[in-house]
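Here, each number is a calculation from the coordinates, and none is a lab measurement. As the structure is a prediction and not an experimental result, all values here were calculated from the model. With ideal geometry, Cβ positions are generated from the backbone for all residues, glycine too; neighbour counts draw on all protein chains shown.
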Amino acid sequence: MGVMHIPGHDRQKPREVSLDEIRDVMGDCRLCPLYETRTKIVFGVGNPQARVMFVGEAPGRNEDLQGEPFVGRAGENLNSILALAGLKREDIYIANVLKCRPPGNRNPRPEEVLACSPFLREQIRSIWPDIIVTLGNPATHFVLKTEIGITKLRGRFHQMGHFVVMPTFHPAAALRNPAWQELLEQDFRMLGDYLARHPKDGSVIPATAHSDALPRVEE
Ligand code: URA
């Protein structure tokens, strides 16, 4: 795992398309039937120059009402564990695979992901983060182009063209499972270690005696 490439993603930032332009193109999107039941499109929020981009599944009830990702209980959990990675909400960008809430929070359908994912792809290209954190299976499957489950993929970093990808449990799922919450927190500490060892200027701080605890980036 971890050596697959998105064609075209293993090169320099391709072109400048702003998040506003992408949002404009999306307009009052009706590319899939979810427009019929949504309250608001949940496009994404955060720092357009974020080093770390988080990708969730789809808006829930609170997100649908407010038009912002991760503002409900899952968002509270995410906010509280960000500090474990030395991050604040304003440092990061967050978007979902689906921009509209599936009724009753059911799982995204393949045709919905197909219709909606070009927007996420463009958001990733616009932000061009160093690291993409995928929260849960749908986001992980979309970004890593695999069907392997999150429990097998989490706990390490995967190289995907330009991007380092860290799959981990969804913060909503972790709220229902204390063992997953512990592993989620462990992954966020691993992310913090990675960020500390890879400063923005591109240099790499060598592993220390504690290297066993440091993340492996799979090539
Ligand atoms: N769960 C998600 O995957 N995304 C949100 O925005 C909220 C909950």
Which of the lysines could a cross-linker span from Lys99 if the Cα-Cα distance has to be under 20 Å and same-chain partners fewer than 8 positions apart are dropped?
Lys40, Lys145
Starting from the Cα of Lys13, draw a straight line to each of the aspartates and glutamates and keep only those under 19 Å, dropping any in the same chain fewer than 8 residues away.
Glu21, Glu122, Asp130, Asp201
What shape does the chain take by its C-alpha gyration tensor, where a ≥ b ≥ c are the square roots of the eigenvalues and a/c under 1.5 counts as rounded, a/b above b/c as prolate, and the rest as oblate?
prolate
Peptides ranked, highest mean first, by Cβ atoms within 10 Å: ranges 61-67, 164-170
164-170, 61-67
Between Ala83, Ala50, Asn107, whose Cα lies farthest towards the positive end of the dipole of the stretch 11-107 when Lys and Arg beta carbons carry +1 and Asp and Glu beta carbons carry -1, centred on the Cα centre?
Asn107
Write out the GluC sites (Glu not before Pro) in the stretch 136-197 meeting two conditions: DSSP loop, and at most 11 other Cβ atoms within 10 Å of their Cβ.
Glu147
Electrostatic dipole magnitude of the chain [Cβ: Lys, Arg +1; Asp, Glu -1; Cα centre; debye, to 20]
220
Charge dipole magnitude, Cβ of K and R +1, D and E -1 - the stretch 13-135, Cα centre, debye nearest 20
200
Among rounded, prolate and oblate, which fits the stretch 78-165 when a ≥ b ≥ c are the square roots of the eigenvalues of its C-alpha gyration tensor, a/c under 1.5 means rounded, and a/b larger than b/c means prolate?
rounded
How much space per residue, in cubic angstrom, does the convex hull of the C-alpha atoms of the stretch 48-118 take up?
98
Please turn the phi angles of the stretch 79-95 into ³J(HN,Hα) values with the Karplus equation 6.51 cos²θ - 1.76 cosθ + 1.60 (θ = phi - 60°), one per residue in order, whole Hz, x for glycine and proline.
4, 6, 8, 4, 4, 5, 9, x, 10, 10, 4, 6, 7, 10, 10, 10, 9
Can you give the FRET efficiency for Arg61 and Glu36, using 1/(1 + (r/R0)^6), R0 = 22 Å, r = Cβ-Cβ distance, to the nearest 0.05?
0.85
